[in-house]
Amino acid sequence: MRHSTDQIDDLARRAFAREPGASLAFGTRLRLRIQGEQAAARRRRTRLIAGSTITALAASVVLVLVLTVNWSRPVPKASTQAGLPAREVPAPKDGPKGEHAQPRPDTQPEPRPPAHSPTQTPGERTPDGPLPEIRERPQPAPDVKPEPGPGPRQTPQPGTEEPPVKPAEVEKPDPATEPPPKTAPRERKELGAVLSLDRAARGKVRYGDTESWREFTPGEKLLDGAQLQAAAPVAFNLGRALLRFEGEIVLHAQDGGCRVELLEDSLYADNLALDLQLEITAGELRARLAGVATFSVSSSGLRLDVLHGRVDTARGAVSENSAALLTRRGLTRRAFMRDARLFKELPSRLVLREELETEPAGGLYSGLIKAGLAVSRGGNDAVAFKFRPLHALLPGEVIRVRFRASKAKSLLVQMFDEKRNDNFGHEVSSWKDGQWQTLEFRPAAMLDRGSGKVKPDVGTEFVNFQFHIEGAQDALLEIDWIEIVRVEE
Amino acid sequence: MPGEDDLTLLQRLHGGDLGALDALVTAYQDIVVRFARIVTLDDSAAHDAAQEAFVRLWRNPRALAGGSLRAWLCAVARNVALNDLRSARRRARRQESRPEGRATPPPQKASDREHLARVRAFIDTLPEQERAALLLYAVEGMDQSEVAQALGTTAAAVKQAVLSARRKLREKFAESS
């Protein structure tokens, strides 16, 4: 059977029908490149203007000097020789003939030497560098301002904290030694920090297309505009939210949270029960997360696998334990992949830690702070404080308490759920009297005090933390610190 | 001539409106990338070339003196891609991933998808001018003058290239429907 021309064209069309067009990140990459070129052009213009200004100033100075020297100079006696005194050009008597061959060395223009004298040596000259730019930049404020965390009690990131620099201690940068501007992005908001990365990740970061990539390590602070690349999963925090990605992403600060642009591969994000808004975009596709989900970008669209909470898109929402493919045309349901790689091997991270050196933010309403410890004396008493903000139970949470109890008959940890109007409790089954030890338990396994059968759900908001002691009249409970950590479920 | 919308967008772009560029990118990114891919046979190189075409449009929106904007974008992407392909490294990489023409299995009874994949692979073995002309003319629906603008050639040469590509496809896949 022979094909007609139309059939052949149709065959070709069908063969190309599955051919993808531009990747979802095409527009984003293009914008990044254009923004980079615009920034580079602005810098060039600034340098040019600064250079021109300096040149003009130098020329003015030279001109003034020339005029000053000419006018203030005493009139030489042998003024007929173009104003040059005879002593300045001594003609050696025994010099080679050729040197004398110049007919009138003194007749060369004279006013030039004074013009050169102030700027003859490079070291003495006004620096050619773009002075105005240097003067504009010695403001290290963006690097030392407090973290913009969502809550008033931002959990510390071990190894990533830097002592705040007092303004008085900030040295004015030396123009000669100041680093190039590309490594010190100005006024970029700090969004989070790298928590962990696989050795194979070869994580790289840059700020804008005009910067070259550089490797990052755990603890690296991530600022607004950070473009990140990794060949294996890299975990980082945005405030109290945990994210993990492999491929390429860009972080953008926005009101109340952050936008993560997924350029390549996959992203895990968890902002469950946090007041941090998280938007994930891939090209023109947008998804807003309130929960735990993975996002994978490919030529077919943005795949969403939602483990907890929900993801909202312009085409509809995806609820927990379900998945969908978001495209320009709509949202197509997919089978949920609970075993997605990014859901596994999550790093544990600190959600809250109370050192109890001072009263917690919500206030200690039972017990007292003494010598860096929270202390409760008496046979039926407690150390208790309020959470501020309320503490929402997250998946995989573990509570750790370092304590010492003396002459106690029973120990009980309780946390109050205002919605149920009931406490959830954990009875400490064993402890060593008078010795420091660390209690560890999962709050999700606590039971309500009313029926003793109900466990708290993920997202349950606890009002307070109470550690009760029952025992002799002189029983003593001391707590060194309390921390809430999230570990992989 | 560019369409009225294109002209308006180009004028806005000339005035520094990046929203106009976004609109043009949205309208033409797919065709330019597909075309660059058929020229380079390399997805990454195709995206690079297409990006360069749009960047050049942004730098100089008046570079389009006349004719079709999409053809102009394709022409720039093609020139960029071909320049890049001249580097030996990329050529070597391309050769590795490029299916050999003679290695294409003969058409057999197979599922429609496999058949179309074979047709697609065979198109990749055609000379660059023929496969590009076929894509733009038969698949993307450009007219011959537009294709000629994109390929930097004449309408007659485009016609010849399309005919040649069709003939080869017909010979290769005559037995199958």
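Any read-out appearing in this document is the output of simple, stated calculations on the displayed coordinates, not a laboratory observation. A quick note: this is a predicted structure, and the numbers were derived from the prediction, not measured. Virtual Cβ from ideal backbone geometry, glycine too; neighbours counted across all protein chains shown.
One table, with the values for the structure above:
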{"quantity": "Shape of the range A:286-334, Cα gyration tensor, a/c cut at 1.5", "calculated": "prolate"}
{"quantity": "Rg/Rh for the range B:4-85, where both radii come from Cα atoms and Rh is the Kirkwood radius", "calculated": "0.97"}
{"quantity": "Cleavage-rule hits (GluC sites (Glu not before Pro)) in the range A:376-463: DSSP loop, at most 14 neighbouring Cβ within 10 angstrom", "calculated": "A:418"}
{"quantity": "Those GluC sites (Glu not before Pro) in the range A:286-380 that DSSP places in a loop and that have at most 15 other beta carbons within 10 Å", "calculated": "A:345, A:355, A:357"}
{"quantity": "Residue-wise HN-Hα coupling along the range B:36-47, computed from phi with Karplus coefficients 6.51, -1.76, 1.60 (Hz; x: Gly, Pro)", "calculated": "5, 5, 6, 7, 8, 6, 8, 5, 5, 5, 5, 5"}
{"quantity": "Once the Cα gyration tensor of the range A:187-313 is diagonalised, semi-axes √(5λ) in Å", "calculated": "21, 16, 14"}
{"quantity": "Exposure proxy order (Cβ contacts within 10 Å, fewest to most) of B:44, A:266, A:451, A:196", "calculated": "A:451, B:44, A:196, A:266"}
{"quantity": "Placed amide H near residue A:391: partners under 5 Å, 5+ positions off or other chain", "calculated": "A:462"}
{"quantity": "Between the range A:411-469 and the range A:243-283, the Cα center-to-center distance that results, in Å", "calculated": "33 Å"}
{"quantity": "Computed over the range B:1-41, the ratio Rg/Rh where both radii use C-alpha atoms and Rh is Kirkwood", "calculated": "1.10"}
{"quantity": "Two-decimal Rg to Rh for the range A:349-486 - Kirkwood Rh, Cα set", "calculated": "0.94"}
{"quantity": "Exercise: per-residue mean of other protein chain Cβ atoms within 10 Å, B:116-125", "calculated": "3"}
{"quantity": "Hydrodynamic radius of the range B:113-169 per Kirkwood, over alpha carbon pairs, in Å", "calculated": "11.2 Å"}
{"quantity": "Ranked A:436, B:72, B:58, criterion: other C-beta atoms within 10 Å, fewest first", "calculated": "A:436, B:58, B:72"}
{"quantity": "Normalised convex hull volume, the range A:316-389, alpha-carbon set, Å³ per residue", "calculated": "199 Å³"}
{"quantity": "Cα-Cα pairs of the range A:243-326 separated by more than 21 Å (percent)", "calculated": "16 percent"}
{"quantity": "Residues in the range A:356-397 that a label on residue A:338 would reach, taking backbone N under 20 Å of a point 7 Å out along Cα→Cβ", "calculated": "A:394-397"}
{"quantity": "Point-to-point label distance, residue A:13-residue A:217, nm (Cα→Cβ direction, 7 Å offset)", "calculated": "6.0 nm"}
{"quantity": "Two-site FRET efficiency, residue A:431 against residue A:359, from Cβ-Cβ distance with R₀ of 22 Å, rounded to 0.05", "calculated": "0.30"}
{"quantity": "FRET efficiency estimate (nearest 0.05) - Cβ-Cβ, residue A:47 to residue A:398, R0 41 angstrom", "calculated": "0.15"}
{"quantity": "Cβ-derived FRET efficiency at R0 51 Å, residue A:199 paired with residue B:154, nearest 0.05", "calculated": "0.35"}
